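Step one of this worksheet: look at the structure below.
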Amino acid sequence: MGLSGQLQTALDERKGLTFVQSRDAILDKLESEGWKLSSRTLKIPHATSLDGDLRLWFKAQAVHYTKNGRGYRHSMGDAHTLAYDLDIRKMTPEQFIQVLKRRFPKVAIGEALDETVGTDASKLPTEAYAIYRTFTADYRTQIEWAHDKEGHWFKRFQERHPRYGYRWGKWKPAPSPPRLISTHPATTKKARLPKW
């Protein structure tokens, strides 16, 4: 059976599924890819991406999202509709993931779903081994330092957005951090770092 036949078979099997059943299938897929899920008993269950930058809110009959969540709390009040013509009852979890990848190409959607990046492992992001937090000399801006398992260092600054308030900028390669970083305990946060 060709790919189109397999897809049609999968869609035929999904006929008659309710929104809740389709939502749960998608949540199962996201969870298998490392996303953090809320309790499914919540009125509006949600799922947060690996890097914390994207959160999906599963309202009744619709999927909303909030983005740029690094450094501040996600809020349903700031959520936007993922797509007005999106009907998750008519798609497989894999198709939903592809929609996310096209809509948010820079978000860490999932470990097993990075085939669009290519098979070259050197292009894939890596996880932070430890994260430390310091301040600029005037104590007005926070700085986060992180290193990977190979010992390469990265840093990012907390920026003030006119609408969303404080949020973290992008990770960038950095020289070794100041000595005083040894006095700051590592945080329990996780991050996706670019390749050195």
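FYI, it's all coordinate maths here, none of it is from the lab. Quantities reported herein were computed from a predicted structural model and do not represent experimental measurements. Backbone-built Cβ (ideal geometry, glycine too); neighbour counts: all protein chains shown.
Each label point is 7 Å from the Cα along the Cα-to-Cβ direction; what then is the distance between the points at ARG73 and VAL99, in nm?
Output for this residue pair reads 2.9 nm.
So, in nm, how far is label PHE135 from label SER32 when the simple model puts each one 7 Å beyond its Cα toward the Cβ?
The modelled label-to-label distance comes out at 4.7 nm.
7 Å from Cα along Cα→Cβ at both GLN21 and LYS149: what's the point-to-point distance in nm?
Roughly 4.2 nm, to one decimal.
Count the net charge of all other residues whose Cβ sits under 13 Å from the Cβ of ASP28, scoring Lys and Arg as +1 and Asp and Glu as -1.
Surrounding charge for ASP28 is -1.
Tally Lys/Arg at +1 and Asp/Glu at -1 over every other residue whose Cβ is under 11 Å from the Cβ of ARG160; what's the total?
+2
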